[in-house]
Structure formats: C-alpha cells, structure tokens
1. Could you go through the stretch 117-133 in sequence order and give the Karplus-derived ³J(HN,Hα) for each residue, using 6.51 cos²θ - 1.76 cosθ + 1.60 with θ = phi - 60°, rounded to whole Hz, and x for Gly and Pro?
2. Which value, in Å² and to the nearest 10, is the accessible area of C105 when all protein chains are kept and the probe is 1.4 Å?
3. Any idea of the accessible area per residue across the stretch 22-106, 1.4 Å probe, to the nearest Å²?
4. Ignoring any ligand, DNA or RNA, what whole percent of the accessible area of the stretch 76-129 comes from carbon and sulfur when the probe is 1.4 angstrom?
5. Could you work out the local net charge near L101, counting Lys and Arg as +1, Asp and Glu as -1, over the other residues with Cβ closer than 13 Å to its Cβ?
6. Quick one: if the Förster radius is 35 Å, what FRET efficiency do C55 and T19 give, using the C-beta to C-beta distance and rounding to 0.05?
Amino acid sequence: CFPFLLFSADGHFEGSLMTKVIVKYNGTVMWTPPARYKSSCTMDVTFFPFDRQNCSMKFGSWTYDGDMVDLILLDDHVDRKDFFDNGEWEIAGVPAKRNELYYECCKEPYPDVTFTVTMRRRTLYYGLNLLIPCVLISGLALLVFLLPADSGEKISLGMTSILYYWVACTETSVSKPYDYFLSELVCHLTNIY
C-alpha cells in the first residue's frame, strides 16, 4: 500500500516510477518511490504583496488502518536540498506532523502525515513596480496644489497625474491577484480621489 495525498488535485495516486522495496531483518518494509503530487489551496491576498500563504498536504491510506500500514515521520521538516527557488515565492518553512485518528466504527488508529507549506511572497518586484510609483503619483498630485492658480501648468500637471494614476491602476489590476473586497475598496477610494 502506497500512502497518497488524501485530497489530491491531480487524481493520479500511484508513484511515477515503480522501484524496489527494502526489506529489513526485523520484517520492516520500506518503499520510497519517487512521485509528483499536485495540491490546490485557497489563497488570502488581503495583505498583498506582503502576504504569506499556508498550504497543507495530508498523506495517508484510505483502505488500511494503522495496524496494517504505519506511517512513520522520520524528520519533522522537509529536506529542501533539491528544491529550485521560485522568482515570486520564498518557502518560509515546511513543518510536518504525524496524526492518529480514531473513528467510531473501528478501534484501530488511522495515521496520517500532514505537511504544511508556508510561502512568503517576494516583494521587491511589487515594491519597485507598484508601491514606489503610487507614492510618486500621490506626491505629484499634491504638487498641483502648490502651483499658483494663474499658472498655465496647473491644469496640465493635474491631467498628467490623473492619467498616470489611471495607467498605474490598470497595471496594478493586471498584476494583482483578484480579491473582490479589495477591488471594491480600491474603486471606492478612487471615487473619493
């Protein structure tokens, strides 16, 4: 029995390559086939681009109880030496925890191992391309009030700052993950402006 991701987004539950098992002198059998798992998680983008996301992957057996298949957690953290860095996300941690569930129908335990992947968004790109231009646009809009009323440049500076603000909002809406509440708040604040 191969423990698989209990709530998989892929649907393929077998390993990608069938390998041999290791049988030890005391009767323990260890089988470590390489496998690729796909999981989907809900994302909370309330604090975008300074957000952290948690995604849990729960491994266990649907058909065998803990007396037949025991899942043993060798280490409480994942070895990331073969992990490739991502340009947008940084892995903050991957703690693992072994759980045992007892159901009303059965006296045997049903073990599972849950890995919680905590990711933090890298903010350099969003800071340079989103936050700093918005602060500069706001400063440019405030400069309109410092110009004298009879200056011919007051209207053109105001129109330029509004146009640049519109371009920045369009760029922001394209690069930001969609969140209904946040988009309503931005539209409300834009109408106040």
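The values are calculated or read from the model by the stated rules, or taken from the named source; none is laboratory data. Quick caveat, the model's predicted, so the values are computed rather than measured. Note: ideal-geometry Cβ built from the backbone for every residue, glycine included; neighbour counts use all protein chains shown. Protein only, heavy atoms only, side chains kept; ligands, DNA and RNA dropped before computing areas. Shrake-Rupley method; radii C 1.70, N 1.55, O 1.52, S 1.80 Å.
1. 8, 10, 10, 10, 6, 6, 9, 4, 4, 6, x, 6, 9, 10, 6, 5, x
2. For C105, solvent-accessible area is about 110 Å².
3. Numbers: 6800 Å² over 85 residues.
Accessible surface, normalised per residue, equals 80 Å².
4. Details: 2040 of 3890 Å².
Percent of accessible area from carbon and sulfur atoms in the stretch 76-129: 52.
5. In short, -1.
6. Values: r = 27 Å, r/R0 = 0.77.
Computed FRET efficiency for C55 and T19: 0.85.
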